[in-house]
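Throughout, read-outs are computed from the coordinates displayed, never taken from laboratory work. Being a predicted model, the structure only gives us computed values, none of them experimental. Note: ideal-geometry Cβ built from the backbone for every residue, glycine included; neighbour counts use all protein chains shown.
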Amino acid sequence: MDEVIKVLKNSCINISELIRNNNSLDIGKVTNNNNVSGDNTKILDIETHNILTNDLRKCKYVKKLISEESENIIDTGNEEGKYLVCYDPLDGSSNIDINVGTGTIFSIFDNDKIKTGRDILVAGYCIYSSSTQLVLAYNKEVNMYQLIDGEFKLIKKNIKMPNNGNILSINESYRYEWQHTYDTQMIRNLVLKKYNFRWVGSLVLDAHRVLLNGGLFSYPINKSNKQGKIRLIYEAYPIAYIIYLAGGYATSLYDEILKLGFPIDNIHKKTELRLFSYQEYIDFIKIRDFRYP
Ligand code: FDP
């Protein structure tokens, strides 16, 4: 396992270098292809997919790969391989060309023991923003590292989320397309409590804020995204795992994200995603289940 984590760390360092040393207008250009989810693929999406896929293929402990940018599961052909590694090589690709933060999200499973998101062995993400930071959930602890002088140095150990926050993170432009009123009611309640809005539009950064400062992130289903927009295997599961380990909550409307079955026959399946610290979770459940206030 340590070997696989080492490979992922190195790939993230290489991706960070690629982003910092190239013209963001060039690497943010759209290619002629869409990915399997129908998103416009950008040059950096492809380059980051290639870095991770090539590096992980060479690691003899890795058996299979699931990437946002590959339609099917990739078999590495490694005979000793034991692990499945799932990744969104570049989350937040709409932010590349305007130099707003993006990230890589990943998780590692034992390939022969996968039923739900609870079977994750390691989850993590790397943020490429004003600094490059890695958050790793492993051995029941969430730790945060920063890339300083070419190495990831531990800067925060055993992260625990606060009981509540003061930020509300939702793309309200879909308000009239939401399929129910719970999110609208939640927004009203939190605004009355003086919460402030923030929406980076890169899940990895909006989730990172919830992890460190608490609050709410919500991406409900809407008319354009009838199943939700966040990809379950390589976006929602790993973020949910990290948030849970740090004491928060990650759900769709009714289900805990980590309890959702692993969609092996539909690896790009989408879901709703809500992230909460404790107080916001309680508030949301009251609204959803008791129509309160
Ligand atoms: P992106 O399409 O830029 O890759 O799931 C992908 C994602 O970004 C998330 O990172 C982000 O939270 C969300 O989509 C943003 O979607 P909207 O543009 O609909 O707000």
Least to most buried among 161, 144, 1 (fewest other Cβ within 10 Å first):
1, 144, 161
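Using the scaling law 2.2 N^0.38 Å as the reference, what is the normalised Cα Rg of the stretch 210-281?
Details: Rg = 11.7 Å, N = 72, 2.2 N^0.38 = 11.2 Å.
Normalised Rg, Cα atoms only: 1.05.
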Considering the Cα trace of the stretch 173-293, what is its radius of gyration and what is Dmax, both in angstroms?
13.7, 44
Length gain on complete extension for the stretch residue 184 to residue 58, per 0.36 nm per residue less the alpha carbon to alpha carbon distance?
40.6 nm
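Before rounding to the nearest 500, sum -39500 (n - 2.57) across all DSSP H runs of length at least 4 in the chain and divide by the residue total; then give [θ] at 222 nm in deg cm²/dmol. Provide the component values of the computation, followed by the final result.
Values: 7 runs with 82 residues, N = 293.
The helix-only estimate for the chain comes to -8500 deg cm²/dmol at 222 nm.
Using the number of other C-beta atoms within 10 angstrom as an exposure proxy, rank 2, 183, 283 with the fewest first. Could you put the intermediate results ahead of the total?
On the way: 2 9, 183 25, 283 19.
Lowest to highest Cβ neighbour count: 2, 283, 183.
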Over the chain, with a Gaussian network built from C-alpha contacts below 10 Å, which listed residue (42, 82, 156) shows the highest mean-square fluctuation?
156
Just how many % of Cα pairs in the stretch 164-206 lie over 17 Å apart, if you round to the nearest whole percent?
35
Please report, in debye to the nearest 20, how large the charge dipole of the chain is about its Cα centre when each Lys and Arg carries +1 at its beta carbon and each Asp and Glu carries -1 there.
960
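May I ask for the Kirkwood hydrodynamic radius of the stretch 6-64, worked out over all distinct Cα pairs and given in angstroms to one decimal? If you can, show how the numbers build up before the last one.
Values: mean 1/r = 0.0797 Å⁻¹.
About 12.6 Å for the stretch 6-64.
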Give the angle, between 0 and 90 degrees and rounded to the nearest 10, that separates the Cα long axis of helix 43-57 from the longest principal axis of the Cα atoms of the chain.
60
Can you pull the three principal axis extents for the Cα set of the stretch 148-227, in Å, largest first?
47, 29, 17
Neighbour counts of other C-beta atoms within 10 Å: give me 274, 188, 198 arranged from fewest to most.
188, 198, 274
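Looking at the chain only, what percent of DSSP beta bridges run antiparallel? Nearest 5 please.
Numbers: 47 of 58 bridges.
Beta bridges within the chain, antiparallel portion: roughly 80 percent.
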Which one, 102, 72, 84, is farthest towards the positive end of the dipole of the stretch 64-120 when Lys and Arg carry +1 and Asp and Glu -1 on their Cβ?
84
Debye equation applied to the C-alpha atoms of the chain, log10 I(q)/I(0) at 0.09 Å⁻¹
-0.40
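Which whole-number value in Å³ per residue fits the convex hull of the alpha carbons of the stretch 47-119?
Details: hull volume 7.0 nm³, N = 73.
Here the figure is 95 Å³ per residue.
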Measuring from the longest principal axis of the C-alpha atoms of the chain, the long axis of helix 2-20 (C-alpha) lies at a number of degrees, nearest 10, equal to 80
By how many degrees, 0 to 90 and rounded to 10, does the Cα axis of helix 278-290 deviate from the longest principal axis of the chain?
60
Total charge of the residues flanking residue 145 in space, meaning their Cβ is under 11 Å from its Cβ, with Lys and Arg +1 and Asp and Glu -1, is +3
Size of the stretch 78-181 as Cα extents on the principal axes (Å, biggest first):
51, 39, 35
Assigned charges on the beta-carbon of Lys, Arg, Asp, Glu; the stretch 61-146 dipole about Cα centre (debye)
380
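Suppose every Lys and Arg Cβ carries +1 and every Asp and Glu Cβ carries -1, with no other charges. What dipole size does the stretch 157-243 come out with about its Cα centre, to the nearest 20 debye?
Values: 12 positive and 5 negative charges, 33 e Å.
The dipole magnitude comes to about 160 debye.
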List the cysteines of the chain that have no other Cys Cβ closer than 4.7 Å: which are they?
59, 86
